[in-house]
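The structure under discussion appears below in the form of structure tokens.
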Amino acid sequence: MARKPPPTQASEPTAPLPTELLTGPGDFAARLAPAEPVGWRYVGVVVLSGVLSGVAYALLVRPAANLAAEVARAAPPGALTHITNVVGGMFLTVLSFALMWGLGRLGGGRESRSGEVYGASFAVFVPLYLLVIVWTLLTPAAAFEPTAVPSGASAGTVEDAALRAAAHTSAALALLTVTVLGLGVQFALVYQALRALTGSVPRALAGTLLPLLPALAVQLIAISPLLSRRWS
């Protein structure tokens, strides 16, 4: 007798790429639903977004720190200072993601796959922060120079004036716009994906609205030194 071939095992469903959420939240949810739940599946996108946000912020405040060091006749800030700004941006982004994950699951339930949906949604910010970084690098150095600084002012006063000048640059406005409008786009995409995953509009709304204000507060804290000086 001929030996029967061994039964073929069905391959595990492949989770979608995070960028698929940007082009089709419903299709993203349909591909994610049969995949094994892994809450931290897209955490790499979150970290990348956080690093880029920190780099964008560090580039904007770097001229102010350099000018303050020059007035104080001190050495220019080393790499550690700029790395601290980058790490701070990454930390606040990860904190924001943790709030989205926890509060999203509280509102949308287990079926919402909030960790994966919110994690993938940070792909919205990657090209936007890259744009802000390029924009900042192309901004003329003169735009960061403070005006009307009294002679003999302290390093702190000069740094504050330089931060005020940086806050009024178009690059800073781009960062503020990306922070607020990007968050709005992020949550709009998340809502559509949660609605498809949960099959319930109220649960999708709860999973989207519960984390919205806490996440916005964290994002505004990240840029508060520029935000406060732009409208003060």
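In degrees between 0 and 90, to the nearest 10, how far off the longest principal axis of the chain does helix 43-71 point, with axes built from Cα atoms?
0
Please give the helix 155-167 orientation as an angle from the longest Cα principal axis of the chain, in degrees from 0 to 90, rounded to the nearest 10.
The two axes meet at around 50 degrees.
For the stretch 39-231, give the magnitude of the charge dipole about the Cα centre (Cβ charges: +1 Lys/Arg, -1 Asp/Glu; no others), in debye to the nearest 20.
480
Specify which labelled value, from (i) 44, 19, 13; (ii) 36, 19, 16; (iii) 28, 23, 17, agrees with semi-axes √(5λ) of the Cα gyration tensor in Å derived from the coordinates of the model shown.
Among (i) 44, 19, 13; (ii) 36, 19, 16; (iii) 28, 23, 17, the one calculated here is (i).
Probe radius 1.4 Å, ligands and nucleic acids left out: which of LEU175, LEU216 has the largest accessible area, and how do the rest follow?
Largest accessible area first, the residues go LEU216, LEU175.
Give the angle, between 0 and 90 degrees and rounded to the nearest 10, that separates the Cα long axis of helix 170-198 from the longest principal axis of the Cα atoms of the chain.
20
List the longest stretch of the chain that has no exposed loop site; here a site is one of the chymotrypsin sites (Phe, Trp or Tyr not before Pro) assigned by DSSP to anything other than H, G, I, E or B, with at most 15 other Cβ within 10 Å.
Answer - 41-230.
Are there trypsin sites (Lys or Arg not before Pro) in the stretch 26-112 that DSSP marks as loop and that have at most 14 other Cβ atoms within 10 Å, and which are they?
ARG73
Along the stretch 129-144, what does the Karplus equation 6.51 cos²θ - 1.76 cosθ + 1.60 (θ = phi - 60°) give for ³J(HN,Hα), rounded to whole Hz, x for Gly and Pro?
5, 4, 4, 5, 4, 5, 4, 5, 5, 8, 6, x, 4, 4, 5, 9
Give me the accessible area of VAL185, 1.4 Å probe, in Å² rounded to the nearest 10.
80
At a probe radius of 1.4 Å, what is the per-residue accessible area of VAL43, in Å² to the nearest 10?
Around 60 Å² of this residue is reachable by solvent.
The values are calculated or read from the model by the stated rules, or taken from the named source; none is laboratory data. Since the structure is predicted, the reported quantities are computational estimates derived from the model, not experimental observations. Quick reminder, even Gly has a Cβ in these numbers, built from the backbone with ideal geometry, and neighbours come from all protein chains shown. When the accessible area is computed, the model is the full protein with side chains, heavy atoms only, and any ligands, DNA or RNA have been set aside. Shrake-Rupley method; radii C 1.70, N 1.55, O 1.52, S 1.80 Å.
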